[in-house]
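One structure below.
Readers should treat all values here as calculations from the given coordinates under stated rules, not as data from a laboratory. As the structure is a prediction and not an experimental result, all values here were calculated from the model. All Cβ positions, even for glycine, are placed from backbone atoms using ideal geometry, and neighbour counts span all protein chains on display.
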Amino acid sequence: MAAGATIYTFDVDLADVDRGVYESFTLRVARHPSETDAYMLTRVLAYCLEFEEGIAFSDGISATEEPAVLVRDRTGATTAWIEVGAPDAARLHHGSKLAGRAMVYTHRDPAKVIALWAGKKIHNAAAIVVHSFDPAFIETATAALERRNTLSVSVTERQLYLELNGTSLSSGIHEHPIA
């Protein structure tokens, strides 16, 4: 954990009907002082929306060789490289080569994120998807954040239903191919 990080706790109830994933778990998330609430919440949602055995947060900003979230198999090999925000093309290229699949979850304008990669070499770019949410969804959700959070995440037909500390929101989960 980074010095000066603030710890947030999320008691999560996940019901992802699209993937048949139903779990309850607790996440302890270290938010570095330079990390925004929007980035942190997007990181938590990426974790939930990609939840499977072997998923974990990286060591955060200090982990320059890892994405925000990753999935490892039982041998320790990286099987999913999950970036958050607007990673640079070289990071995405590296992650796509290393893992069986790579994706990005962003709280920013996806067209602007994808434009940053125009003309840059990204391994298997056709298979990489940027996931985004409805405008203002993340910003509205961050207003409900507390240090200890109760989070209910439901997904059906790529529609996200979120209840965060009693605040109910919904958003489409939009997919934007990068190639």
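Altogether, the Stokes-Einstein calculation at 25 °C and 0.890 mPa s, with the Kirkwood radius of the stretch 87-154 over Cα pairs as Rh, returns a diffusion coefficient of 177 µm²/s. What would the Debye formula give as log10 I(q)/I(0) at q = 0.10, 0.11, 0.15, 0.18 Å⁻¹ for the alpha-carbon point model of the chain, no solvent? Here the Debye-derived log intensity ratios amount to -0.36, -0.44, -0.86, -1.28. Percent antiparallel among DSSP beta bridges with both residues in the chain, to the nearest 5? Of the beta bridges lying entirely in the chain, close to 70 percent run antiparallel.
Computed from point charges on the beta carbon alone (+1 for Lys and Arg, -1 for Asp and Glu), the dipole magnitude for the chain about its Cα centre is near 560 Debye. Listed by chain and number, the lysines whose C-alpha is less than 21 Å from the C-alpha of K112, apart from same-chain residues fewer than 8 away, are K120, K121.
Per-residue 3J(HN,Hα) values for the stretch 129-144, derived from phi via the Karplus relation 6.51 cos²θ - 1.76 cosθ + 1.60 with θ = phi - 60°, read 10, 9, 9, 9, 10, 4, x, 6, 4, 5, 4, 5, 5, 5, 5, 9 Hz in sequence order (x marks Gly and Pro).
With the charge dipole of the chain set up from +1 on Lys and Arg Cβ and -1 on Asp and Glu Cβ about the Cα centre, the Cα lying farthest toward the positive end among the listed residues T156, I55, I173 is that of I55. Around the Cα centre of the stretch 84-145, unit charges on the Cβ atoms of Lys, Arg, Asp and Glu (plus for the first two, minus for the last two) sum to a dipole of about 380 debye. Panel order for V155, V84, V129, by other beta carbons found within 10 Å of each beta carbon, from fewest to most: V129, V155, V84.
Would you mind ranking Y161, Y39, Y105, Y22 so that the residue whose beta carbon has the fewest other beta carbons within 10 Å leads the list?
Details: Y161 14, Y39 21, Y105 25, Y22 11.
Least crowded to most crowded, the residues run Y22, Y161, Y39, Y105.
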